[in-house]
1. Take the conditions at pLDDT 95 or above, open to solvent by less than 70 Å² (accessible area, probe 1.4 Å), of a type in the set (A, V, I, L, M, F, W, C) and not in a helix (DSSP H, G or I) and apply them to Val320. Does it pass?
2. Among the residues of region 142-163, is any exposed (fewer than 13 other Cβ atoms within 10 Å of the Cβ) and of a type in the set (A, V, I, L, M)?
3. Of all residues in region 13-28 being in contact with a Lys or Arg (Cβ under 9 Å, 6 or more places away or on another chain) and surrounded by 14 or more Cβ atoms within 10 Å (Cβ to Cβ), which is modelled with the lowest pLDDT?
4. Scan region 103-120 for residues that are of a type in the set (A, V, I, L, M) and either in contact with a Leu (Cβ under 7 Å, 6 or more places away or on another chain) or over 25 Å from Arg27 (Cα atoms) (or both) and jot them down.
5. Has region 474-487 got any residue that is more than 20 Å from Pro357 (Cα to Cα), in a loop (DSSP other than H, G, I, E, B) and open to solvent by 20 Å² or more (accessible area, probe 1.4 Å)?
6. Looking only at residues in region 440-473 that are of a type in the set (A, V, I, L, M, F, W, C), part of a loop (DSSP other than H, G, I, E, B) and within 17 Å of Arg584 (Cβ to Cβ), which one is least open to solvent (accessible area, probe 1.4 Å)?
7. Is it the case that Ser551 is more than 24 Å from Lys465 (Cα to Cα) and either buried (at least 16 other Cβ atoms within 10 Å of the Cβ) or modelled with pLDDT under 95 (or both)?
8. Specify the residue that is nearest to the chain's Cα centre (by Cα); the eligible residues are those in region 511-534 that are buried (at least 17 other Cβ atoms within 10 Å of the Cβ) and in a helix (DSSP H, G or I).
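The values are calculated or read from the model by the stated rules, or taken from the named source; none is laboratory data. Fair warning: this is a prediction, and the values are worked out from it, not measured in the lab. Virtual Cβ from ideal backbone geometry, glycine too; neighbours counted across all protein chains shown. Protein only, heavy atoms only, side chains kept; ligands, DNA and RNA dropped before computing areas. Shrake-Rupley method; radii C 1.70, N 1.55, O 1.52, S 1.80 Å.
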Amino acid sequence: MNNILNTLPSINAERDGGRTAFNYLDRSLELSSISSADFNDRTSLMAYALETLGLEPQQRVAVFSENRLETLIMDFAIYANRGVTVSIYATSSDEQVEYILRDSGAVVVAVDTAKRLDAVMRVRKNCKDLRHVVVYDRGLAEKYPGEVMEFGKMLSLGEAATPACRKEVDDRRKSAMPEDMATIIYTSGTTGEPKGAVLTHRSFDAALEIHRDRLDMLSTSDTSLCFLPLSHIFEKAWTYFCFYRGIEVTVNNDPHRIQEAVAKVRPTCMCSVPRFWEKAYTAIQEKIASMGWLQRTLVARALKVGRRRNLDYVRLGKKVPVLLEKQYQFFYKRIFLTMQKAIGIEHGNIFPTAGAPLSPNIVEFFHSCGVNVIIGYGLSETTATVTCFPNVDYEIGTVGTVLPGIEVKIGDEGEILVKGPTVMAGYFNKPEATAAAFTADGWFRTGDAGRFDEHGALILTERIKDLFKTSNGKYIAPQAIESRLGEDKFIEQVAVIGDRRKYVTAIIIPAFEALKEYAKAKKISYKSLEELVKNSEIRDMIAKRIDELQSNFAGFERIKKFTLLPKAFTMEAGELTNTLKIRRPVIAARYASEIEAMYA
């Protein structure tokens, strides 16, 4: 039988023909496009090329690249052969690349640039299964004569494919089974080595159909921007879903120019992580703070009207009173629309957001402004979404309700347990880890703690492994504190400390540009960032803002002392995962002396 991903390009080509399937935004923000028919043609040629190179059903092909149109062509060409995609984050180190290539047994790897090509060639000798290296950028194969094939040459190889090769690929599509492996998503590994979550075609088929039912507000008139890494299940599954629904997707190649890309594309929908909205929120708050008294009063009034209209009526599916609607439209045209245009989201429909907690204050703010931020929850092991806001009757402060076809219950220690067709088959090559990930009766252990509210919406409380207890016996959920502090324009990153300690402390990375502007305005002189973060005026200002931000926390939860660092946590230093989650053990070890000083 055919799985959706095995045949999706050909189905879309027949359905949409010359209609644009994907746009591609290069590093100069120049836009090019490809139709559904052309995408299908290139996917077929790549599928023939992979078969010609000897790819067998269920063998693995790794992709080590930034977001590229070529990656999507590779993905669907692999599926056409009943092959398995393996994503490697573009930021991965040589050690991570080697580990994933060896663990997955990848026989082919595709890379985009010279930097990543060199990384693969450095570790290739240790990857016994790896037979072929494909590079997207032109001219790079000359660096390694006879060892590398360019993407364009692969397409030419596909054009020259024999009738027998073409028939073989067609037979593979027809013989595909729901239990076939589709992709292996390697977890970030906040502790220990990464594990490869095996997602089958059954999981993707179910996820696509479930999301079609839940996200029925989307249509072919929507447009999406792909800017999270396609190696992350959230963006991978979302982009596949958009392609499945006929939603035009623009692929952004440069992760450092996201704001510019959003302003250029002006999407109606896109998936994102909380940091995107936190930065937008702080920028807007800073703009409001710089306004005159009359403008600030007008904005405050607009937000009050927006909150009443969008949260007290629209959110609950109630008819908006005529006078309130007129007031809202007045403010929308004069205030909210201007704000949305500044970000590039004035045509917004929905903006799914997940991956970490987002402060309810920020969610409420954007909904009041007419921006439909949809909070969700999911994992690599569940083919992304488990819960999300429904169209109406969603509860801010939750991660929404359970999607149809999926079961969720709360187990021991408040752990969220999941069962359903979107749950992974297991961890590749790790039977013991797989067994540990499931209860005896087949529920997947998420490692997250939570509870249901009276409306049936799921409330996340914390990663169970992140929870810690002070020496006074009080449990602390660090992510809740970190997300609250993330609202502040002067705070970029936070790591909350306090396990078996008398009180809670934090390592804080300031937003350096905002801090420099503050120092300039206050005539604070400094010769380096090290000197700036040690300045008493700066520390007093940050301390005051922290006190205000955590005023609603219990006394034992509040940060009593903090340390400002002059440089950010990075993936390269091992302090962040590829999905930008804090590696707490690394930070605790690396900044042990700074931490001890806060408890001296």
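1. Values: at pLDDT 95 or above: yes; open to solvent by less than 70 Å² (accessible area, probe 1.4 Å): yes; of a type in the set (A, V, I, L, M, F, W, C): yes; not in a helix (DSSP H, G or I): yes.
Yes, satisfied.
2. yes
3. Of region 13-28, the ones in contact with a Lys or Arg (Cβ under 9 Å, 6 or more places away or on another chain) are 24-25, 27.
Then keep just the ones that are surrounded by 14 or more Cβ atoms within 10 Å (Cβ to Cβ); that gives 24-25.
Details: Tyr24: 95, Leu25: 91.
Among those residues, the one meeting the criterion is Leu25.
4. Initial filter on region 103-120 (of a type in the set (A, V, I, L, M)): 106-111, 114, 117, 119-120.
Ala106, Val107, Val108, Val109, Val111, Ala114, Leu117 - these are the residues of region 103-120 that are of a type in the set (A, V, I, L, M) and either in contact with a Leu (Cβ under 7 Å, 6 or more places away or on another chain) or over 25 Å from Arg27 (Cα atoms) (or both).
5. In the first step, residues of region 474-487 are kept if they are more than 20 Å from Pro357 (Cα to Cα); the result is 474.
Okay, now just the ones that are also in a loop (DSSP other than H, G, I, E, B), so 474.
Narrowing the set further to residues that are open to solvent by 20 Å² or more (accessible area, probe 1.4 Å) leaves 474.
Yes: region 474-487 contains one or more residues that are more than 20 Å from Pro357 (Cα to Cα), in a loop (DSSP other than H, G, I, E, B) and open to solvent by 20 Å² or more (accessible area, probe 1.4 Å).
6. Residues of region 440-473 of a type in the set (A, V, I, L, M, F, W, C): 440, 443-444, 449, 452, 457-460, 464, 467-468.
Still in the running and part of a loop (DSSP other than H, G, I, E, B): 440, 443, 457, 464, 467.
Among the residues that remain, those that are also within 17 Å of Arg584 (Cβ to Cβ) are: 464, 467.
Working: Ile464: 41, Leu467: 60 Å².
Of everything passing the filter in region 440-473, Ile464 is least open to solvent (accessible area, probe 1.4 Å).
7. Numbers: more than 24 Å from Lys465 (Cα to Cα): yes; either buried (at least 16 other Cβ atoms within 10 Å of the Cβ) or modelled with pLDDT under 95 (or both): yes.
Judged against the criteria, Ser551 is a match.
8. Pass one, region 511-534, residues buried (at least 17 other Cβ atoms within 10 Å of the Cβ): 511, 514-515, 518-519, 524, 532-533.
Subsequent filtering for residues that are in a helix (DSSP H, G or I) retains 514-515, 518-519, 532-533.
Numbers: Ala514: 25, Leu515: 27, Tyr518: 31, Ala519: 34, Leu532: 33, Val533: 31 Å.
Only one residue fits best here, namely Ala514.
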